[in-house]
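Structure first, commentary second.
Just so you know, all these numbers are worked out from the coordinates, no wet-lab data involved. Treat the numbers as computed from the prediction; the structure is a model and nothing was measured. Because the Cβ atoms are built from the backbone with ideal geometry, glycine has one as well, and the counts that use them run over all protein chains shown.
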């Protein structure tokens, strides 16, 4: 397994702050990047991805791809790498993910529920873990971003 590098860890107070974190994170992304989003329902994965999409200037709205499994968002500048947003919750194996024919090397790919399905796709990837308080007393989320592989050793945001 590739060496892990902690890139970021913080408490995010609101959904607007989560969106802003996604926008900041988008600034370090490029074609070929694979991002695995880990966390329970309602933890902020799609809100974060909306922020990424906004910063990347994708066409249309970014929403959860739950029913379509994968949604490709073209960029306003069609020469830029598209954002591919995958909800792997209903996928049972890495083969099912492979069957989607996602052009990983030419896209920026964010995969919700991808842990255990994406190993072997890339030598470099990011795992973002979203944790939330289940008491309902706060909107706060803890976000931890870890990079794996050479690509992420020198990156900061």
inquiry  = I need the shape label for region 1-63. Rule: rounded when a/c is under 1.5, else prolate if a/b > b/c, else oblate, with a, b, c from the alpha carbon gyration tensor.
reply    = oblate
ask   = Quick one: Debye curve from the C-alpha atoms of the chain, no solvent, what's log10 I(q)/I(0) at q = 0.10, 0.14, 0.17, 0.19 Å⁻¹?
value = -0.32, -0.65, -0.99, -1.25
request  = Could you check what % of the DSSP bridge pairs in the chain are antiparallel, to the nearest 5?
outcome  = 60
ask   = So what is the orientation-averaged projected area of region 115-157, using the convex hull of its C-alpha atoms, in nm²?
value = 4.2
remark   = Here the gain from full extension of residue 20 to residue 100, 0.36 nm per residue of separation minus their alpha-carbon distance, amounts to 25.8 nm
note = P(r) over all Cα-Cα pairs of region 74-157, 10 Å bins from 0 to the longest distance, whole percent per bin, short to long, reads 14, 38, 34, 13, 1
query = Normalised by the number of residues in region 4-152, what is the relative contact order in percent for Cα pairs under 8 Å and 6+ residues apart?
reply = 35
request  = Please find, in a Gaussian network model of the chain (springs between Cα atoms separated by less than 10 Å), the residue of 83, 37, 91 whose mean-square fluctuation is greatest.
outcome  = 91
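Going by average Cβ neighbours within 10 Å, how do the peptides 54-62, 99-107, 120-128 rank, with the highest at the top?
In descending order of packing, they fall as 120-128, 54-62, 99-107.
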query = Most mobile of 13, 70, 43 per a Gaussian network model of the chain (Cα springs, under 10 Å)?
reply = 13
inquiry  = Please report the spacing between the Cα centers of region 89-157 and region 1-25 in Å, no decimals.
reply    = 12
